[in-house]
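The values are calculated or read from the model by the stated rules, or taken from the named source; none is laboratory data. Please read all numbers here as calculations on a predicted model, not as lab measurements. Quick reminder, even Gly has a Cβ in these numbers, built from the backbone with ideal geometry, and neighbours come from all protein chains shown.
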Amino acid sequence: MISIRTDLALEATEICEEQSTALDGVVVDTKELEDCTITTVEIINEIGSKIMNKEIGKYITLESDLMKFDDDDSREKVINYLKDELIEIFGTDQSKKTLIIGLGNWNITSDALGPRAVSKTLVTRHIFKNYNKDYDDDFSEVAALSPGVMGITGIETVEIVKSIVDKIKPDRVVAIDALASRKMDRVNSTIQISTGGIAPGGGVGNKRKALDKSYLGVDVIAIGVPTVVDAATLTIDVLDLAIDNLIEVSQENSEFYKMLTKLKEEEKYQLIKDSLDPYDKNLIVTPKDIDETIENLAIIISEGLNRSLHPGRA
């Protein structure tokens, strides 16, 4: 079972490979583009779901260092990659109604991706209602909301979303949230699109009841970016470097050498986690430039959604 903390299906498959766990019920496909790697992990049955500790569905991961650059050319490339993947999931039926939910706490920068992205999305439901329209060649019907978190509202996020879904009856819900990664180099440079739903609060280690089709009654597409890594997983990276250096200077076939080469990933994780527990049981780390990065990522995600949902913006 995967215990190392990550919200990325791609990283879950990597952990399984490190643990020599067979990926039964899981199909992985990778395509390399000029400056972006796109990996699709599809969990096709309950066996795969149990192995991966994730719901059945597709998990599409876009990895590109372009997300870290705050310039129009870099943003444009990533937006188009994201748009193409979203169109594959949404299809081209312009009559479908979409509700976009920005999950997260707008008062915590690393958890504010959802609200920031929602603030930049093109909403059109009011126009469709005012003009009594059911269809438009250039736009689809879109509503958007940032419901906040229970610590601010006193209401579970899923209860708010469920009540809105029951009232306005969209055909699908798109939920945007911050995630957690196991690798610092994937933070703020990775986008995951999922059809398996999402548990709000994953990025800051405070998962709530999941937003998924079984609860909401409509398709749920989740879009997330890892904005944090917990201290234990980050320290593993440093420990790996130290172990590699020790292996290089250790005498081959010595007991110390054998011990280093056999130290398993989960053993390292538990060692670090136990060491950090006396200081803070939920310590997370985010880059120092998170303010500018979140703004850039919000533009990328909102514009990717705008272009995939509204042909007139493509």
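Tabulated results
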| item | result |
| --- | --- |
| Considering residues of segment 115-141 that are among the charged types (D, E, K, R) and either in contact with a Pro (Cβ under 7 Å, 6 or more places away or on another chain) or part of a loop (DSSP other than H, G, I, E, B) (or both) only, the residue surrounded by the fewest Cβ atoms within 10 Å (Cβ to Cβ) | ASP137 |
| Subset of segment 1-53 that is part of a helix (DSSP H, G or I) and of a type in the set (Ser, Thr, Tyr) - its residue that is nearest to VAL229 (Cα to Cα) | THR13 |
| Residues of segment 142-159 classified as assigned to a strand (DSSP E or B) and among the β-branched types (Val, Ile, Thr), total | 1 |
| Qualifying residue in segment 30-49 (condition: of a type in the set (Val, Ile, Thr), touching a residue at least 60 places away in the same chain (Cβ under 8 Å) and assigned by TED's automatic domain parsing to the domain that holds GLU295) | yes |
| Within segment 89-114, tally of residues that are of a type outside the set (Val, Ile, Thr), surrounded by fewer than 22 Cβ atoms within 10 Å (Cβ to Cβ) and touching a residue at least 24 places away in the same chain (Cβ under 8 Å) | 7 |
| Odd one out for TYR269 among (1) farther than 30 Å from PRO170 by Cβ; (2) outside any helix (DSSP H, G or I); (3) modelled with pLDDT under 65; (4) touching a helix residue (DSSP H, G or I) at 6+ places or on another chain (Cβ under 7 Å) | (2) |
| Top-ranked residue of segment 189-207 - restricted to ones that are under 14 Å from ILE294 (Cβ atoms) and at pLDDT below 95, ranked as surrounded by the fewest Cβ atoms within 10 Å (Cβ to Cβ) | VAL204 |
| Qualifying residue in segment 177-188 (condition: assigned to a loop (DSSP other than H, G, I, E, B) and within 11 Å of the chain's Cα centre (by Cα)) | yes |
| First in segment 227-252 and surrounded by fewer than 13 Cβ atoms within 10 Å (Cβ to Cβ), second anywhere and assigned to a helix (DSSP H, G or I) and among the hydroxyl-bearing types (Ser, Thr, Tyr), Cβ under 8 Å, 6 or more apart | GLN251/TYR257 |
| Total residues in segment 54-70, condition within 17 Å of ILE300 (Cβ to Cβ) and either at pLDDT 95 or above or assigned to a helix (DSSP H, G or I) (or both) | 9 |
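Listed here are the residues, each with its yes/no results for (1) in contact with a Ser or Thr (Cβ under 8 Å, 6 or more places away or on another chain); (2) closer than 21 Å to ARG307 by Cα.
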| site | (1), (2) |
| --- | --- |
| ASP72 | no, yes |
| ASN80 | no, yes |
| GLY91 | no, yes |
| LEU99 | no, yes |
| ASN105 | no, no |
| LEU113 | yes, yes |
| TYR131 | no, no |
| PHE139 | yes, yes |
| ILE160 | yes, no |
